[in-house]
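Quick notes on the structure that follows.
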Amino acid sequence: MTGMDFYPTILDLLGKPLKPEEHQDGISLVPLLKGDLLPERPLYWHYPHYGNQGGEPSSIIREGKWKLIHYYEDDRKELYDLENDLEELNNVADQNPEISKLLNEKLFSYLDEVGAKYPIKDPQYDEIKEQEYLQKIIKERWPQLEKQRLEFLAKDFDPGNNWWGSR
């Protein structure tokens, strides 16, 4: 089940005809609501950009008990056996190269089929500047934030009447 299933499910619940051309990736969940099983299918996620909360460009396929994550920055792959490792703590890609290869091929065939856009390297990227920026955060910003955090946690901290309008 994935978010792409909501649209066909709503159409189905309303008794409207499904529109597969508008929800190619989704299926109706009505059978599940009636107690039936859904057909097995691979699920795909494509995230070809950086996120504001730390996400890095990646694409994912989940098929059966396997989940493969492809990271675009360095082409690394992570493979998880979700039957035995639901928390995704143990990357088993090296122990299962044939499964990694098969899922990777399926993933990129699907992405090509739907015309997915792939990330491209930033020609202005400068690793030295990035390291300088990260060091500045570590040396300047983190100490400022830690000082602020300790002030907020102090027993005598008084937010006053402007708490919500502050910083």
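Distance from the Cα centroid of region 94-139 to that of region 1-71 is 22 Å (rounded to whole angstrom). Which entries of LYS34/LYS67; LYS65/LYS117; LYS67/LYS106 have Cα-Cα distances beyond 19 Å here? Distance filter (> 19 Å) returns LYS34/LYS67; LYS65/LYS117. Partners of LYS101 within straight-line reach, counting aspartates and glutamates whose Cα lies under 17 Å from its Cα and excluding those fewer than 8 residues away in the same chain: GLU63, ASP74, ASP75, GLU78, ASP81, ASP112.
Label sites at LYS16 and GLU83, each approximated as a point 7 angstrom past Cα along Cα to Cβ, lie 3.9 nm apart.
Identify the residues of region 60-82 with backbone N under 19 Å of a label point that sits 7 angstrom from the Cα of GLU127 along the Cα-to-Cβ direction, or state none. In region 60-82, the label zone of GLU127 (backbone N under 19 Å from the point 7 Å along Cα→Cβ) covers 71-77. Peptides 63-72, 10-19, ordered by how many other C-beta atoms sit within 10 Å of their residues on average, highest first, read 63-72, 10-19. Among (1) 223; (2) 256; (3) 140, find the value of volume of the Cα convex hull per residue in Å³ that was calculated from the structure presented, and write down its label. Checking each listed value against the structure points to (2).
The simple Förster model, with R0 at 45 Å and r as the Cβ-Cβ distance, assigns LYS155 and LEU33 a FRET efficiency of 0.30.
Values quoted throughout were computed directly from the atomic coordinates according to the rules given, and no laboratory measurement underlies them. Note that the structure is predicted; figures quoted are calculated from it, not measured. Using ideal geometry, Cβ is built from the backbone for each residue, glycine included, and neighbour counts are taken over all protein chains shown.
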